[in-house]
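Below is one structure, written out as structure tokens; the observations come after it.
The values are calculated or read from the model by the stated rules, or taken from the named source; none is laboratory data. This is a predicted model, so every value here is computed, not measured. Glycine also receives a Cβ, built like all others from the backbone with ideal geometry; neighbour counts cover every protein chain displayed. In case anyone asks, the SASA skips ligands and DNA or RNA and just uses the protein heavy atoms, side chains included. Shrake-Rupley method; radii C 1.70, N 1.55, O 1.52, S 1.80 Å.
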Amino acid sequence: MKIQFLGAAGEVTGSRHLVEAMLSGKPRRFMVDYGMFQGGREATNKNLECLPFSPKDLDFVVLTHAHIDHSGLLPRLCAQGFTGPIYCTNASFELLKILLLDSAHLQRADVERAERKIKAGKWRGEVPVALYTREEVEMALSQFVPLEYQQSVELISGVQLEFLNAGHILGSAIAVIDITEDGAKKKRCVFSGDIGMKGKVLMPDPDLVRDADVVIVESTYGDRLHRSLQDTEDELVEVIHSTMTAHGNVVMPAFAVGRTQEILFLLIDLVRRGRLPHLSIWVDSPMATAATHLTQHFFLQLDGQSQATFDWYKANPNAVDLRFIADVEESKALNKIKGGAIIVSASGMCDAGRIVHHLASNLPRAQNAVVITGFQAYGSLGRRLVDKVQKVRLFGEEVPVRASIHTIGGLSAHADQAGLLDWLKGFERDPNVVFVVHGEPESSSVLAQCIRDELHWHNVIIPERLHTYEC
């Protein structure tokens, strides 16, 4: 059996892992995840790369969850000739109906905006590229096969799949794949996907896996510890209080799926507990609005505290002025608000979507605050803000950064170093090999060494992109 790492190797985005095995006398191939690279021109170039094999040669795809860095190029894969099934959880499939169509829409909108600016002689910088169309998304969605958690399914002869809950976002899964090659014993491969934090808002704790021969584990925050939820709440309360007192706005870039819902539940809960006064919150992302409604549909998959918070809000709807923005004109009107608003908008890394317009309007004013709550990939606009740049280029024009920038890491949907090690300790025997992926070089390197030092697993590999490893 071989695994080739086509993405998320030495970086966080672009998760896609090719597995090859000899089954019933012939080589069979399948992918685990097929995500989009994110963060600047280099990411676009990688997204446009040709695969080292024909998509027609793939038997199936296993998808761990709906985030674009894991799912975002599936429509392109199908358009290039892949016709097999794509397996995911039920909740992930429902989210993908929202997320992938929105991705295609945003790509087309970015291209059309750039074309208008070029025609008017006002565009500077690289021209965006649309990777696929809404029609290609619809075609890809017809190939999905939704599964329940803990439902064991034979995908082809010799390959068995079971999804466990990863506790990351709604529908997120750990993929447990048993492979029995010709003339060989069964090998269990466990793909972590993205592992959630224990005790975090909204999602249950990640399931543990008892046994594995091969483990592929994420390392987004493998080199650091998150702040405690208490410290996170204290900082968020302070930022909101100080900004509202200065008659400014709080702008919160947030991934439409997962992070937006976590932020809403946390803000409502802080009002419920009297830590924050009445708030005026605008959620300006059609995809986030749809994902929030979908979260209500999968109510029983939430953790107990979030269910209680939601029940309280239904009984006290006037405690928070929560509005979901529907159309573009309403979104533009938000930029006329000079103070007192909390604006939650996508995309989470600030590279696309309505958040870019809100940043263009709010960054130049010192009384405003931008609260970064999620990972910002190298090269992304969000990363440049975190790195305290003095100005950014938005829509072909330079915008000064005078608003205060706050990074609140305790809201991350990813486990930190301790959380990842805690999840790995659930294995009752040492795996034959562990591949550390989905992290920037320092994060992956530090986590790999921690695994060697603390768990005494010695065959720990940080794979290189496009390299193939025998298992």
Within segment 116-143, residues in contact (Cβ under 8 Å) with a residue 60 or more places away in the chain, closer than 23 Å to Q80 by Cβ and not in a loop (DSSP other than H, G, I, E, B) come out as E136, V137, M139, A140
If you take the residues of segment 160-194 that are part of a loop (DSSP other than H, G, I, E, B) and more than 14 Å from the chain's Cα centre (by Cα), which of them is surrounded by the most Cβ atoms within 10 Å (Cβ to Cβ)? E181
Of E126, E154, the only residue that is among the charged types (D, E, K, R), open to solvent by 20 Å² or more (accessible area, probe 1.4 Å) and modelled with pLDDT of 95 or more is E154
Can you pull out every residue in segment 19-37 that is open to solvent by 60 Å² or more (accessible area, probe 1.4 Å) and either touching a strand residue (DSSP E or B) at 6+ places or on another chain (Cβ under 7 Å) or free of Cβ contacts under 8 Å to residues at least 12 places away in the same chain (or both)? K26, P27, R29
Does M197 satisfy the condition of being in contact (Cβ under 8 Å) with a residue 12 or more places away in the chain and open to solvent by less than 30 Å² (accessible area, probe 1.4 Å)? no
Would a scan of segment 41-60 turn up a residue that is at pLDDT below 95 and within 15 Å of the chain's Cα centre (by Cα)? no
If you go through segment 364-378 one residue at a time, do you hit one that is open to solvent by 10 Å² or more (accessible area, probe 1.4 Å), within 25 Å of the chain's Cα centre (by Cα) and closer than 20 Å to W123 by Cβ? no
Under 8 Å between Cβ atoms, at least 6 apart or on separate chains: pull out the pairs that start in segment 204-216 with a residue that is farther than 21 Å from Q305 by Cβ and open to solvent by 20 Å² or more (accessible area, probe 1.4 Å) and end on any residue that is of a type in the set (S, T, Y) and assigned to a loop (DSSP other than H, G, I, E, B). none
Would you tally the residues in segment 393-416 being over 24 Å from the mean Cα position of the chain (by Cα) and either in contact (Cβ under 8 Å) with a residue 60 or more places away in the chain or not in a loop (DSSP other than H, G, I, E, B) (or both)? 9
Filtering segment 38-90 for residues that are assigned to a helix (DSSP H, G or I) and either under 17 Å from S103 (Cβ atoms) or without any contact (Cβ under 8 Å) to a residue 40 or more places away in the chain (or both) leaves a count of 19
If you check I68, I3, which single one turns out to be surrounded by 19 or more Cβ atoms within 10 Å (Cβ to Cβ) and modelled with pLDDT under 95? I68
